[in-house]
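Below you'll find the structure, written out as C-alpha cells, and then a few comments.
The values are calculated or read from the model by the stated rules, or taken from the named source; none is laboratory data. Remember, it's a predicted structure, so these values are computed and weren't measured experimentally. Ideal geometry is used to build each Cβ from the backbone, glycine not excepted, and the neighbour counts take in all protein chains shown. Heads up: the accessible areas ignore ligands, DNA and RNA and are worked out on the full protein's heavy atoms, side chains in. Shrake-Rupley method; radii C 1.70, N 1.55, O 1.52, S 1.80 Å.
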Protein chains: 2
Amino acid sequence: MRHDIAWPGSVRPGGRTARVRESVLQVAGDLLADHGYPALDLAEVAATAGVGKTTVYRRWRTPAGLVADLLVEMAEQSLPRADTGSLLDDLTANARLVAGTLTDPRQGNLFRAVIAAATGDESTATALHTFYDIRLTEWAPCVEDAVARGEAPPGTDPRAVLSAVSGPLYYRLLASGDPIDEAAADAAARAATIAAAAGAFVS
Amino acid sequence: MRHDIAWPGSVRPGGRTARVRESVLQVAGDLLADHGYPALDLAEVAATAGVGKTTVYRRWRTPAGLVADLLVEMAEQSLPRADTGSLLDDLTANARLVAGTLTDPRQGNLFRAVIAAATGDESTATALHTFYDIRLTEWAPCVEDAVARGEAPPGTDPRAVLSAVSGPLYYRLLASGDPIDEAAADAAARAATIAAAAGAFVS
C-alpha cells in the first residue's frame, strides 16, 4: 500500500496533509449542505477535491468519519466567546452568532444535515455532542464571570443558561419552522439573562 | 383499479379505513423508531401491517406521505393543554410532557427520525411544521390566560414563551446530548415563566 499521506501529523501544519484535509472537508461540507448526508459519497468527495480515492478511504474510512472530522474542523474554526463585561451583551452576541449560523444558507443546511446524520449513527452523534461540548465550554466563562460580578447567583449552571439561549433558535430550525431573526435571538438572550439573574438555573 | 379503500372518509370512524390506517401508522412508527427514515419501506409496512400493498401505495404513495399522515395522527392523539390557573404550573406540565416524550425510547426515536427526515424533504418539513403549529396553538391559551390574569404583560408572544420551554429540551436531544431530566424540564418552565413575567417575550 502506498502511503502518500502520513497520519497523524507528521507533516507540518499548512503542509500537504493540511491542504488535503481542507479541500476534502470543503467538498464534504458542500455536498452535505446541498444534498444532505445520504449524498455524502467518499469517491465523489475524492474526485471533486482532486485527491486520491485511496487517501480519502484510508484517512476518513466512512461518510460518518468525514462528518466527525468536519465537526472537529468546525469547532476549531468557531469564534471565541464574547467578553463585553455584561451577561446580557455576551448572551446577545452568542444568540446572534447562533442565529446567523443557522440562517446562513450553507451553514444552516450543513447543521441540519449533520444533526440528521447523528440521529441515525452513534459515532456521528458522539462527534456532534463533542462539537457542542467544545462550544458550551468556550462560552461557559460568560456565565461564570457574570456570577463573579454578581449578575447571577452562585451555583448558576452555565450550560443550562447557554442551552436556554440556543435552544429556542434550534427549536425554530428543526421543529416549528418559526422565523429565526434578530428579534428571536435578542429575546432568547434577554429571557436567559433575566431568568439567570433570578436564579432559575441554579442546579 | 380495485378500490378496496374509499378515501377520504366514506367509511365511518372506527370502521375498516380507520383500522387499516391505525395498523399501517403503528408499523410505520415502529420502523421509524427502530431503524430511522431510510428504513421506511412501503412494501414492508404493508406486509407487516397485513394490508394490501396496493392499498398502502395508493393511499400514502411515498415514505414522506406516510410520515406526513403519522404526524397528523400524532397531533390528533396529543394531550390537551394544561389549565392549572398558574403560568408556572402550566409551563411545568408542558415541559414535563415534552421531556417525557423525548426521553421515551420509542417516542424519542420517532421524533428524531421524523425531524431528520424533514431536513431532507420539503413536504415532510411542511408536515412537521404543521404538527408543531397545532401543538403551539393548543398550548398558546396558557400564556394568553396568564396575560389576562396579569402574570405577564400584554403583547407577550405565546409561541415565543412556549419555544423557550421546549427549545432547551430539543437542543439537548438533537445537539448537545445533555440529559433531559425533570430538573431540566422544571428549569426551562421556571426560566420561561420568570422571563415572561419580566416582559422578555413582548413582541
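When restricted to residues that are within 8 Å of chain B (Cβ to nearest Cβ) and open to solvent by less than 10 Å² (accessible area, probe 1.4 Å), the range A:90-116 contains 2. From the list B:D157, B:D104, B:D121, B:D186, the one residue that fits, being more than 22 Å from A:G120 (Cα to Cα), out of contact with any Lys or Arg (no Cβ under 8 Å at 6 or more places or on another chain) and charged (D, E, K, R), is B:D157. Could you tell me whether A:G14 is in contact (Cβ under 8 Å) with a residue 24 or more places away in the chain and away from chain B (no Cβ under 14 Å)? Spelling it out, it is not the case that A:G14 is in contact (Cβ under 8 Å) with a residue 24 or more places away in the chain and away from chain B (no Cβ under 14 Å). If the condition is being of a type in the set (D, E, K, R) and modelled with pLDDT of 95 or more, then the range B:72-86 contributes B:E73, B:R81, B:D83. Picking from residues in the range B:135-148 that are more than 11 Å from every other protein chain (Cβ to nearest Cβ) and among the aliphatic types (A, V, I, L, M), the one that is nearest to A:Y171 (Cα to Cα) is B:A140. Of all residues in the range A:48-63, those satisfying the criterion of being without any contact (Cβ under 8 Å) to a residue 24 or more places away in the chain and closer than 19 Å to A:D30 by Cβ are A:T48, A:K53, A:T62.
Within the range B:19-48, being among the aliphatic types (A, V, I, L, M), assigned to a helix (DSSP H, G or I), under 29 Å from A:A117 (Cβ atoms) and open to solvent by less than 70 Å² (accessible area, probe 1.4 Å) holds for B:V24, B:L25, B:V27, B:A28, B:L31, B:L32, B:A33, B:A39, B:L42, B:A43, B:V45, B:A46. When the residues of the range A:149-188 are filtered to those that are more than 9 Å from chain B (Cβ to nearest Cβ) and small (G, A, S), the one that is farthest from the chain's Cα centre (by Cα) is A:G150. Checking B:G167, B:G155 one by one, the residue that is open to solvent by 10 Å² or more (accessible area, probe 1.4 Å) and assigned by TED's automatic domain parsing to the domain that holds B:A99 is B:G155 and no other.
Against the test of being assigned by TED's automatic domain parsing to the domain that holds A:V20 and either open to solvent by 40 Å² or more (accessible area, probe 1.4 Å) or within 12 Å of the chain's Cα centre (by Cα) (or both), the options A:V67, A:V51 yield a single qualifying residue, A:V67. Does A:T62 satisfy being open to solvent by 10 Å² or more (accessible area, probe 1.4 Å), within 14 Å of chain B (Cβ to nearest Cβ) and modelled with pLDDT of 95 or more? Considered against the rule, which asks whether it is open to solvent by 10 Å² or more (accessible area, probe 1.4 Å), within 14 Å of chain B (Cβ to nearest Cβ) and modelled with pLDDT of 95 or more, A:T62 comes out as no.
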